[in-house]
Amino acid sequence: MSEAPRIPAKGWSKDAVLAALERFKQDDLPWREARTWAYVYDPGPEAEDVIKSAFTAFLTENALDPTVFPSTLALENELVAMAAAHLEGDAQVVGNFTSGGTESILLAVKTARDRARALRPEIREPEIVLPATAHAAFHKACHYLDVKPVIAAIDPRTFKADAGAMRAAITPNTILLVGSAVSYAHGVVDPIEEIGALALEKDLLLHVDGCMGGFLLPYFRRCGAPVPRFAFDVPGVTSISMDFHKYAFAAKGASVILHRSKELRRYQIYACASWTGYTVINPTVQSTKSGGPLAAAWAALHFIGDDGYLKVARTVLEMTRRIADHVDAHPDLRLLGRLEMNLVAFTSDALSVFHVIDEMKQRGWYLQPQLAFGDSKENVHLSINPASVRWVDALLRDLDACVERAKGMPSGALAAKIRAAFGEMDASGLGAEKVAGLLQMAGVQGSALPGRMAEINEVLNALPAPLREKLLVEYLNELFRQPI
């Protein structure tokens, strides 16, 4: 048995430290090869160098207190101003820099909740209306903030929010409506104008989740793509979230939450003077936060520039259309939705897409699996990035070959057995021992995963969402533990 890690008795040399850190990466996906079609947004080595330099230049500056580090306040205000202009906002729009889309969304929900507490105190159990395609971060925010998510059906053909279904979901307890531009799973823009009109009619706040699409969509529109209106030029939109660390290529984590006015943003801010230490006043969830992500985001926007982003958008749009057209023409594959951004989701009615993903991984590609939910069948998800466009021809050739291989592979047998045994079980009553047994049946032993994931994904896909969540919580609880 190896000895558990301890703080070394004597400090290591710089070279030893850096070499050890490199060893930690040995099993990571080789994202610099640009064959990883998820999670990574790569602007290229030249921009990366500038962004990293900016990050380290402000690494130690603490944005907690702008009276000590006014540089962080200046950077944040400039980033918010650029984001507001990019999203059709006027001079009244305010906002704050956050650690990512989840924090931005959490703050949007907090704003709605605290505003309702102040102006509608009769609401004891606040609700927000979410299309079924709204990001999981909204469910997480509701979980943290004790707000009820009310799920509205979507159009099963376009995968866009259905404003009529959202209307039907509104109750006297509703405090917020949500739309996406774009929704992550299918890369489509919800009918924000219709939802905005509904928000005005019902005197409700409307948050647009532009974390994925908010930055790139305006450039796609300038490239001639028919992008629907979704930003502050739409009446009824009261707040928008937009990530810089996606298609603005800033270092993680970098996002922004924007509000139409200071009157709304007031409910986002937290203050505490009821203790013996310094008075706490936080516009975001974090208190202490490095100035590094602020500086890196500012550097990315200024180094790449509007012309650079427009060039990226043209290239990515062209490659996205090529991939979508190829999938559309394939006899065994079909697109889910008519994508409006550089996110492609496709499925198959003839074979297991999970086998396709495994086969592609054997050839050096990472494609993201998405499980079935509601009207959305299990599918393969691609995020097309500028660094990856040189691989499009090779990707499509390998995809065709892997589809052919997947046709001859068995699928579904174990999933059917587990669904029959556990599919009707109440997840809340499933103990840790039974969960461990179910994980072992699915091929998961302890904290290790097999090289092929198709059977595990098929099992998860066959189970209802609450049971999936239970299994994944137990697995993650096992995964994060002291190394031995």
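With respect to the numbered conditions (1) outside any loop (DSSP other than H, G, I, E, B); (2) among the hydrophobic types (A, V, I, L, M, F, W, C); (3) in contact with a helix residue (DSSP H, G or I) (Cβ under 8 Å, 6 or more places away or on another chain), which one is the sole condition not fulfilled by V80?
Condition (3) is where V80 drops out.
Kindly check whether there is at least one residue in the range 232-252 that is assigned to a helix (DSSP H, G or I), modelled with pLDDT of 95 or more, among the polar types (S, T, N, Q) and in contact with a helix residue (DSSP H, G or I) (Cβ under 6 Å, 6 or more places away or on another chain).
no
So S411 ticks every box in (1) part of a helix (DSSP H, G or I); (2) in contact with a His (Cβ under 8 Å, 6 or more places away or on another chain); (3) polar (S, T, N, Q) but one. Which box is left unticked?
(1)
Within the range 215-231, is even one residue β-branched (V, I, T) and under 21 Å from G101 (Cα atoms)?
Checked the range 215-231: no residue is β-branched (V, I, T) and under 21 Å from G101 (Cα atoms).
Please state which of the following conditions G89 fails to meet, knowing it meets all the rest: (1) in a loop (DSSP other than H, G, I, E, B); (2) out of contact with any Phe, Trp or Tyr (no Cβ under 6 Å at 6 or more places or on another chain).
(2)
Looking at L29, L64, which is the one that is in contact with a strand residue (DSSP E or B) (Cβ under 6 Å, 6 or more places away or on another chain) and outside any helix (DSSP H, G or I)?
The match here is L29.
In the range 284-309, how many are surrounded by 15 or more Cβ atoms within 10 Å (Cβ to Cβ) and in a helix (DSSP H, G or I)?
14
Could you tell me which residue of the range 267-283 is surrounded by the fewest Cβ atoms within 10 Å (Cβ to Cβ), considering only residues that are of a type in the set (V, I, T) and in contact with a strand residue (DSSP E or B) (Cβ under 8 Å, 6 or more places away or on another chain)?
Initially, the range 267-283 is screened for residues of a type in the set (V, I, T), giving 269, 276, 279-281.
With in contact with a strand residue (DSSP E or B) (Cβ under 8 Å, 6 or more places away or on another chain) added as a condition, the list becomes 269, 279-281.
Working: I269: 15, T279: 9, V280: 13, I281: 13.
The qualifying residue surrounded by the fewest Cβ atoms within 10 Å (Cβ to Cβ) is T279.
If you go through the range 361-379 one residue at a time, do you hit one that is outside the structural domain of Q440 (by TED's automatic domain parsing), within 23 Å of G44 (Cα to Cα), surrounded by fewer than 18 Cβ atoms within 10 Å (Cβ to Cβ) and among the hydrophobic types (A, V, I, L, M, F, W, C)?
no
For the range 253-283, name all the residues that are assigned to a loop (DSSP other than H, G, I, E, B) and either small (G, A, S) or closer than 30 Å to E48 by Cα (or both).
Across the range 253-283, the qualifying residues are G253, A254, S261, A273, S274, G277, P283.
Given the options V256, V237, name the one that is without any contact (Cβ under 8 Å) to a residue 60 or more places away in the chain, touching a strand residue (DSSP E or B) at 6+ places or on another chain (Cβ under 8 Å) and within 28 Å of M341 (Cβ to Cβ). Before you say what the answer is, go through the steps one by one.
Numbers: V256 fails: without any contact (Cβ under 8 Å) to a residue 60 or more places away in the chain.
None of the others qualify; the one that does is V237.
If you scan the range 385-432, which residues turn out to be of a type in the set (D, E) and within 18 Å of L460 (Cα to Cα)?
E424, D426
Select from the range 19-36 the residues that are acidic (D, E) and surrounded by fewer than 10 Cβ atoms within 10 Å (Cβ to Cβ) and write down the one among them that is modelled with the lowest pLDDT. So that I can check it myself, show each step before the final result.
We begin by selecting, within the range 19-36, every residue acidic (D, E); these are 22, 27-28, 33.
Remaining after also requiring surrounded by fewer than 10 Cβ atoms within 10 Å (Cβ to Cβ): 22, 27-28.
Details: E22: 92, D27: 83, D28: 80.
Here the answer is D28.
Please find, among R405, R390, R338, R321, the residue that is charged (D, E, K, R), in a helix (DSSP H, G or I) and within 23 Å of the chain's Cα centre (by Cα).
Numbers: R405 fails: within 23 Å of the chain's Cα centre (by Cα); R390 fails: within 23 Å of the chain's Cα centre (by Cα); R338 fails: in a helix (DSSP H, G or I).
Every option except R321 fails the conditions.
Kindly establish whether A185 is among the aliphatic types (A, V, I, L, M), assigned by TED's automatic domain parsing to the domain that holds A118, within 14 Å of the chain's Cα centre (by Cα) and buried (at least 16 other Cβ atoms within 10 Å of the Cβ).
yes
Could you tell me whether L176 is outside any loop (DSSP other than H, G, I, E, B) and in contact (Cβ under 8 Å) with a residue 60 or more places away in the chain?
Considered against the rule, which asks whether it is outside any loop (DSSP other than H, G, I, E, B) and in contact (Cβ under 8 Å) with a residue 60 or more places away in the chain, L176 comes out as yes.
Of all residues in the range 32-58, which are hydroxyl-bearing (S, T, Y) and not in a loop (DSSP other than H, G, I, E, B)?
T36, S53, T56
Quick one: how many residues across the range 118-135 are free of Cβ contacts under 8 Å to residues at least 24 places away in the same chain and surrounded by 13 or more Cβ atoms within 10 Å (Cβ to Cβ)?
Of the residues in that region, 0 qualify.
Within the bounds of the range 200-208, is there any residue that is out of contact with any helix residue (DSSP H, G or I) (no Cβ under 9 Å at 6 or more places or on another chain), in the same structural domain as T98 (by TED's automatic domain parsing) and buried (at least 23 other Cβ atoms within 10 Å of the Cβ)?
No, the range 200-208 has no match at all.
The values are calculated or read from the model by the stated rules, or taken from the named source; none is laboratory data. These numbers come from a predicted model, not from an experiment. Every residue, glycine among them, receives a Cβ derived from its backbone with ideal geometry; neighbour counts consider all protein chains shown.
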